[in-house]
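The values are calculated or read from the model by the stated rules, or taken from the named source; none is laboratory data. Please read all numbers here as calculations on a predicted model, not as lab measurements. Here the Cβ is made from the backbone with ideal geometry for all residues, glycine too, and neighbour counts use every protein chain on show.
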Protein chains: 2
Amino acid sequence: MTPSFDAKMKSLKDMVVERMFQAVPSENPVTLYEPIRYAIASGGKRLRPVLLLLVCEATGGRPEDALDAAVALELVHNFTLVHDDIMDNDDLRRGKETVHKKWDRNVAILSGDALLVLAYSMLHRRSHNRLAQVLDDFSRGILQVCEGQTLDKEFESRKDVTLAEYFDMIDKKTAELFSVACHVGSVLGGGTAEQMAAMRIYGKKLGRAFQIQDDLLDVIAEENVLGKDIGSDLEANKKTFLVVHALQHSDDRQKKQLQAILHKGKVTTDDVRAVIDLFKQTKTLDAARLEVDTCLQDAKKALLPLPDNSARLQLGELIDLVAGRNS
Amino acid sequence: MTPSFDAKMKSLKDMVVERMFQAVPSENPVTLYEPIRYAIASGGKRLRPVLLLLVCEATGGRPEDALDAAVALELVHNFTLVHDDIMDNDDLRRGKETVHKKWDRNVAILSGDALLVLAYSMLHRRSHNRLAQVLDDFSRGILQVCEGQTLDKEFESRKDVTLAEYFDMIDKKTAELFSVACHVGSVLGGGTAEQMAAMRIYGKKLGRAFQIQDDLLDVIAEENVLGKDIGSDLEANKKTFLVVHALQHSDDRQKKQLQAILHKGKVTTDDVRAVIDLFKQTKTLDAARLEVDTCLQDAKKALLPLPDNSARLQLGELIDLVAGRNS
């Protein structure tokens, strides 16, 4: 990463965070708006809104013109996190208590709902001739996220999930919002039809790589520090790329061993080690790395129709960031 | 009710229901879209969308032009019901199992979320020059509903809720969507600024009357059949008009008796009878009736700026329907 890339990321992120807090009413009831401010303060790279702003700039617009949409997207993302944490019964997110844990489940349901409404409010704050198109992109995208989360939960009680089904699930649950970010960015930037289509692909491929890299990093991190992420995913019988690939490429003995651990309900560090070993035996880690690389190469190709400018370069650097990310 | 009024209500309701089912994708995942179709099939008077269509007509538009908005509003209403039923732990709605009971809590969270997104999708299906205004009305309204539900839950653990706080809560939780219905109807009907302002008031007053009438009907029904509604509201320590008014107008002995029942957690039919008796002693039932009448008179006055047409007459008949409703 070049210093100018880091500075650019930080400046876009700061713009988003500042405006995002302005979008949340400061008044009563506090048990609605305080949890919302808590949820959106929890940090992260703000990758989705930054992508939206960068693509807007790369296709000829000014980031300021896309700021409301970028903030809306980050609010949508936070809405999904608050509700997903209830459904997954997760007590921690980025080291802090989740909303339903810190307050209660009802507060988390309502603040998630209100986050979604605040996102739409941000989106239609100003009337412009591309409003209906942008709204359409958002609503289709959020509906896909709901579908993806539904599939993710369905898969927890299924043994026979295929890689094709896994890709369909993460494309909806994760890649879709990246795709919306990049497409809306190009719509608001005034990109050509070819550029807009390419940006959908760029976002989708980047998002897919991001999710598989996420599954992979959990395991790699696990080899040093036996944290709780992979353990709790195994306990919930979550169908990650790794689990699905390993099941499809196991012999009968390996499959039996893996299924037994997935159905234990409570896994030990020995179980985690055994699973990582199975991942290696079935060449699952290599397959995941290959899938990430392929997606990122596709994402890189999708940048070709963009004009040659610094924002395009930064979109390329974002690919490298996902490739080598360590958080 | 005149026969032509009943026929009109039925024809508008049928329009809404038919289009509403078209708005829900029929494909996978079934554990998302089947609960949604189940939730919206549960019937009811469809009062909010019918109001929107009638006001559109009364202010000079055609109901067809407001149909998408009317359907959107009914979807929003159903979103709130699905999520409220989780929060209130209600197993039944209109005699049928609630979504979280028939499926599970996660399914209910996700199908509620998707209902809200489908509502917005319906709203921005077509681009028109009043789109941003209509969206703004909706988003402000839904946010108020979230605030109202937050207050409703907060009040369950409070002893000192005043009537002013109660009105603020039901204005947000219930009356607001009636108000949005009527205002958006007048916006899409092309009403004058005066008519639009009057329609906000008409909706708000009608909605307030509707909610208090609801509290009242539970008790009146209770005198014949000791159903579960009032019992479960008392068990949850819900702050209805009746409870708040009775607490404010009780002497020390009465207040102590009522508070004791509200904090029992489990009430008997004798408790319910005792509470109804307290309502009578404190003239609470009369006060509720008076409040309903006053609101409905205000609603009637708000119809004056409308042109003299059959839709306006029907808006008047809707007032009579709320006044005398027995369901």
- request: Collect the residues in segment A:67-90 that are farther than 23 Å from A:Asp214 by Cα and within 13 Å of chain B (Cβ to nearest Cβ), keeping them in residue-number order.
  value: A:Asp68, A:Ala72
query: What are the residues in segment B:270-327 that are polar (S, T, N, Q) and within 21 Å of B:Val243 (Cβ to Cβ), if any?
result: B:Gln281, B:Thr282, B:Thr284, B:Thr294
- prompt: How many of the residues making up segment B:254-288 are buried (at least 18 other Cβ atoms within 10 Å of the Cβ) and among the acidic types (Asp, Glu)?
  reply: 1
statement: A careful count of residues in segment A:100-130 that are assigned to a helix (DSSP H, G or I) and more than 24 Å from the chain's Cα centre (by Cα) gives 1
- line: Filtering segment A:60-109 down to residues that are polar (S, T, N, Q) and either touching a His at 6+ places or on another chain (Cβ under 6 Å) or closer than 21 Å to A:Ala175 by Cα (or both) yields A:Asn78, A:Thr80
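Can you tell me which residues in segment A:39-61 are part of a loop (DSSP other than H, G, I, E, B) and under 19 Å from A:Val99 (Cβ atoms)?
Once the filter is applied, which keeps residues that are part of a loop (DSSP other than H, G, I, E, B) and under 19 Å from A:Val99 (Cβ atoms), segment A:39-61 yields A:Ala41, A:Ser42, A:Gly43, A:Gly44, A:Arg46.
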field: Options B:Arg140, B:Arg93, B:Arg126: the member that is more than 10 Å from chain A (Cβ to nearest Cβ) and either of a type outside the set (Ser, Thr, Tyr) or crowded, with 16+ Cβ neighbours inside 10 Å (or both)
entry: B:Arg93
- prompt: Yes or no: B:Ser111 touching a helix residue (DSSP H, G or I) at 6+ places or on another chain (Cβ under 6 Å), among the hydroxyl-bearing types (Ser, Thr, Tyr) and either within 11 Å of chain A (Cβ to nearest Cβ) or crowded, with 21+ Cβ neighbours inside 10 Å (or both)?
  reply: yes
query: Within segment B:86-94, is there a residue that is in a helix (DSSP H, G or I) and over 25 Å from B:Glu317 (Cα atoms)?
result: yes
- prompt: Does segment B:294-308 contain at least one residue that is within 25 Å of B:Lys153 (Cβ to Cβ), crowded, with 16+ Cβ neighbours inside 10 Å and at pLDDT 95 or above?
  reply: yes
- line: Note on B:Glu64: of the conditions (1) of a type in the set (Asp, Glu); (2) over 23 Å from A:Val76 (Cα atoms); (3) part of a helix (DSSP H, G or I); (4) within 11 Å of chain A (Cβ to nearest Cβ), unmet is (4)
- line: A:Val244: passes all of (1) farther than 30 Å from A:Thr150 by Cβ; (2) in contact (Cβ under 8 Å) with a residue 40 or more places away in the chain but (1)
message: Every residue in segment B:143-164 that is part of a helix (DSSP H, G or I), in contact (Cβ under 8 Å) with a residue 24 or more places away in the chain and within 14 Å of chain A (Cβ to nearest Cβ), please.
response: B:Gln144, B:Val145, B:Glu147, B:Gly148, B:Gln149, B:Asp152, B:Lys153, B:Phe155
- request: Tell me, please, whether a residue that is polar (S, T, N, Q), within 13 Å of chain B (Cβ to nearest Cβ) and either part of a helix (DSSP H, G or I) or buried (at least 19 other Cβ atoms within 10 Å of the Cβ) (or both) can be found in segment A:28-36.
  value: yes
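Kindly indicate whether B:Ala246 is within 26 Å of B:Met87 (Cβ to Cβ), small (Gly, Ala, Ser), in contact with a Ser or Thr (Cβ under 6 Å, 6 or more places away or on another chain) and assigned to a helix (DSSP H, G or I).
Spelling it out, B:Ala246 is indeed within 26 Å of B:Met87 (Cβ to Cβ), small (Gly, Ala, Ser), in contact with a Ser or Thr (Cβ under 6 Å, 6 or more places away or on another chain) and assigned to a helix (DSSP H, G or I).
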- request: Please determine, by comparing only the residues of segment A:37-55 that are within 19 Å of A:Leu321 (Cβ to Cβ) and hydrophobic (A, V, I, L, M, F, W, C), which one is surrounded by the fewest Cβ atoms within 10 Å (Cβ to Cβ).
  value: A:Leu47
